[in-house]
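Input: a single structure, listed below in structure tokens.
No value in this document is a laboratory result; all are computed from the given coordinates. In this text the structure is predicted, and so the values were computed from the model without any measurement. With ideal geometry, Cβ positions are generated from the backbone for all residues, glycine too; neighbour counts draw on all protein chains shown.
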Amino acid sequence: MRVHAQNYTAYEFWKMERDSVYNSLKKKQTRGDTLSISDTEYILKYKASLDNYFDKLSDSEKSIYFKYRTSWEKQPFQVNQLPVQQEPEIFAGEKSTFTKYIITSGFYGYYYGITAFYVFDIKLENQGIAAIPLLTAGASVLVPLLTIRPESATYSSLKLSQHGKLVGLMHGAAIGLMLSPKDDRDGKLIMGLSSLGSITMGYLGYRLGNTLNLTPGNAALYSYYGTLMPLEGIALAAALEVDDPRIAGLSVLAGGAGGYLLADRVSKSYSFTTGDITSTKAFTFLNGFLGLGIVLDINSRSSDDHPAADMLIPAALTLGGSFLSHAWLRNAKLTSQQGRNTALAAGAGVIIGYGISTMADPDLDHPRYILPYISGLASYTTMVFVNTKIKKSQYMTSENKNKMDFSFMPQNILLNQKIGKIKSTGYGSQALCFPVFSASYNF
């Protein structure tokens, strides 16, 4: 049975913010009134549910919320007049998730055609050599165009399908290495199983994305670690100077399984967005760049004939940078564009740093990778800081838009005079008095 994820909308979030009980208790808390333990727990739980709902809003819904919330305050009836989106976000724009999925499907289809041509040793004339790859590439584009419907496709299904095609190719090749005899030189089994694994896991990823209730951030997280950890396995095998291809293939499979297990653990501890994962990738790249620079620097200065062991340095820095990024971005909640901005800023910083390093005296004994890393890290850090500050300023409900609240109530002057003339109340003229001025500050 297919499980459809809940639709999170700006309209529903706006209504949640206006819960009468929650806002009544918040006003009492702002005034300094004493609240019971149950009331305090209600405020904390409801605030947590608001934060959780906001995190699950798509970028377009967040934009709708920030754009229309002021007008909704003035004329609430206009909420229902908001134009209905005609298509899901994944189908919107020339750079949509679906468009990227179609393009990558064509590239994978071309590889499948090359594999079929080579494995089955198809005999064609010179002008027909490219026919099969072109046919499979075109078919790989047309099939999803004709079969995928907007109501059935999700970001998670498309993302996991793309990821499945990539890691399926890697895992299939790894199984081919494990099954191939040592004297097998043509690699037909490896290529055949890589294409078969890519097709199988691509289909499986699409089905899992439709049946599992994964957020886009979780789907991106599984895709990230499912790709990173097999590469870590390859680096470990290279560092240990493994000669047996079977062990190398096993390291890829073990790395993939460990990657999904690690992603599952991380997803239970943090709730990341797609922007957070994109930013994590950028930070991981920076640390991998640093590690690779260290390795090249060590090998250029040393006569040690075991450079393979040095591959543990970029592998360790990459994985360590990934964990550090998770701790850093655990509450960032970056949008997709903000995540891309951090990656672009990191790349621009690396280019600037490399330009500065090339202007230095070539006789100076300094590695060329230090300045690009520092500059890239500074640009990345600045962009993350700016984006997180923007989100904090945007995410303001109507109850805390203005920290200072001041009211002047001249009508209470007359009311207090009338109360003072009543001698039979038993409260005294000063015991019952309505304020003329009211001021509060919301911390």
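Observations
- Kirkwood Rh and Cα Rg combined as Rg over Rh, evaluated for the range 218-295: 1.03
- Ranked T154, T274, criterion: other C-beta atoms within 10 Å, fewest first: T154, T274
- Too-long pairs where the Cα-Cα distance tops 32 Å, listed order kept, from K62/K159; K165/K333; K188/K268; K28/K389: K188/K268
- Local net charge near T227, Cβ-Cβ under 14 Å (Lys/Arg +1, Asp/Glu -1): +2
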